[in-house]
Amino acid sequence: MSDGAIAALILAGGQARRMGGGDKPLITIDGLSLLERTIARLRPQAAPLVLNANGDPARFQAFGLPVVADVIEGYGGPLVGILTGLEWLASHALDVEWMVSAAADTPIFPLDLVERLAAARATQGADLAMACTGSRTHPVFALWPVRLAAELRHAVAEEGMRKIEAWTERYRVALVDWPDTPDDPFFNVNTPEDVVRLGMILDGSLPAEPPLEARHEGLAVAIERRNGATPWIRDSWRPLEVIPEAPSQTPAWVMLERGEEFEHYLATGATLTLHRSDLASYRYNLAGMEPRLYVVLRKSGDADQPVRVAMVTAAPDEAQAMSESGDDVVDGLPMPAGLRDWIERFCACHPPDEPLRKRRRDTADVDGAFVGKGRR
């Protein structure tokens, strides 16, 4: 039993809240946007293609697709988008009886998506067909009969339904399973880290086994000493900047500048180590408006180098733990762009829902609760 001509709907109507808003489908990786990749993957499988997107349609003009806004206002989610596609096809493409839906932020979906959905639906005599990987269904990737447009409109407009699977459970659905290894073909981009992970999947650099740790050696830290404010405090120390690569052949401790009330030094040879067990803390840090590296300074008792860099970490809760002794100076400094990219790649090597965590600490106050702790 053949389904005949199958049209395709690309869903791009989301608000991209976890990406900070904007048009997620227009994010580029290696010069191609997510939407371009989705179109290139879908075009050989179905025709015509229709884009469901809200807002000014002119921003998608270069893609040459009909752009259709939700037929029900209020960003009702993908189910409203599917209704939009079915109704548009019912009124514009009378010879098309079926529509496959796909998400614009999931550009590595299977090349045989439409073929297998259609075959499973026909073989099983089902009303619909839906993609899945193992026990996980992917309701945005499904095959829909245009004839159900009126029933879906009633469910959405009259019953207030918004969840796809709440509606599909009323019908017989053929589930089509794809393997999720080595990469999940339905991996979708929701966060900046996901953009990095997708890029690694596309260029083949994503490791088969996520690393337990990563080390960045050869860091330098600029440090300031200031004269004490009282007769009982001779001086105070604080880190000023983390430098990703120390200049070649720089001594472990060198004075950079001396002023009337201060001295600036450069300490070299520090290491930033990332641990798989601290992923949640790194992700919390990277999600902030200004990701930071945390430097721990410790007095050495050595006249030649009075303080040493005891630690550089990207984990806010680890820094908070170090600040609790009161003996060390702990400061958060702006994270250099190169180190931010390196940390993002480490995080992206691990599944987005990686549950491992070494410790449980309240990191809600990391932006101010312990910055400068230990400074006297």
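Scanning the range 114-132 for residues that are more than 12 Å from residue 173 (Cα to Cα), of a type outside the set (A, V, I, L, M) and buried (at least 17 other Cβ atoms within 10 Å of the Cβ) yields a total of 1. Scanning the range 160-186 for residues that are polar (S, T, N, Q) and either surrounded by fewer than 18 Cβ atoms within 10 Å (Cβ to Cβ) or in contact (Cβ under 8 Å) with a residue 60 or more places away in the chain (or both) returns a single hit, 181.
For the structure I just gave you, tell me whether residue 288 is in contact (Cβ under 8 Å) with a residue 60 or more places away in the chain, surrounded by fewer than 19 Cβ atoms within 10 Å (Cβ to Cβ), more than 20 Å from residue 226 (Cα to Cα) and not charged (D, E, K, R).
yes
Among the numbered conditions (1) assigned to a strand (DSSP E or B); (2) modelled with pLDDT under 95, the only one that residue 268 does not meet is (2).
Residue by residue, here is whether (1) of a type in the set (A, V, I, L, M, F, W, C); (2) modelled with pLDDT under 95 holds:
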position	(1), (2)
155	yes, no
160	no, yes
166	yes, no
170	no, no
173	yes, no
176	yes, no
185	no, no
197	no, no
202	yes, no
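When 300, 248, 236, 277 are checked against the criterion of being over 24 Å from residue 325 (Cα atoms), of a type in the set (Ser, Thr, Tyr) and either at pLDDT below 95 or under 23 Å from the mean Cα position of the chain (by Cα) (or both), 248 stands alone in meeting it. Within the range 259-272, residues that are in the same structural domain as residue 234 (by TED's automatic domain parsing) sit with their Cβ atoms under 9 Å from residues that are outside any strand (DSSP E or B) and exposed (fewer than 13 other Cβ atoms within 10 Å of the Cβ), at 6+ positions apart or across chains, in these pairs: 266/247; 266/251; 268/247; 268/251.
Hey, among 149, 142, 155, 126, which residue is more than 24 Å from the chain's Cα centre (by Cα), in a loop (DSSP other than H, G, I, E, B) and assigned by TED's automatic domain parsing to the domain that holds residue 25?
126
Scanning the range 165-205 for residues that are under 19 Å from residue 30 (Cα atoms) and of a type in the set (Phe, Trp, Tyr) turns up just one, 187.
Taking the conditions exactly as written (at pLDDT 95 or above, within 23 Å of residue 283 (Cα to Cα) and buried (at least 16 other Cβ atoms within 10 Å of the Cβ)), does residue 212 satisfy them or not?
Spelling it out, it is not the case that residue 212 is at pLDDT 95 or above, within 23 Å of residue 283 (Cα to Cα) and buried (at least 16 other Cβ atoms within 10 Å of the Cβ).
Checking each residue in the range 74-99 for being in contact with a helix residue (DSSP H, G or I) (Cβ under 9 Å, 6 or more places away or on another chain), over 16 Å from residue 11 (Cβ atoms) and among the acidic types (Asp, Glu) picks out only 97. All but one of (1) in contact with a strand residue (DSSP E or B) (Cβ under 7 Å, 6 or more places away or on another chain); (2) in a loop (DSSP other than H, G, I, E, B); (3) not assigned by TED's automatic domain parsing to the domain that holds residue 303 hold for residue 250; which doesn't? Only one criterion is unmet by residue 250, namely (3).
The values are calculated or read from the model by the stated rules, or taken from the named source; none is laboratory data. Predicted model, so just to flag it, every value in this text is computed and none were measured. Cβ: placed from backbone, ideal geometry, glycine included. Neighbour counts: every protein chain shown.
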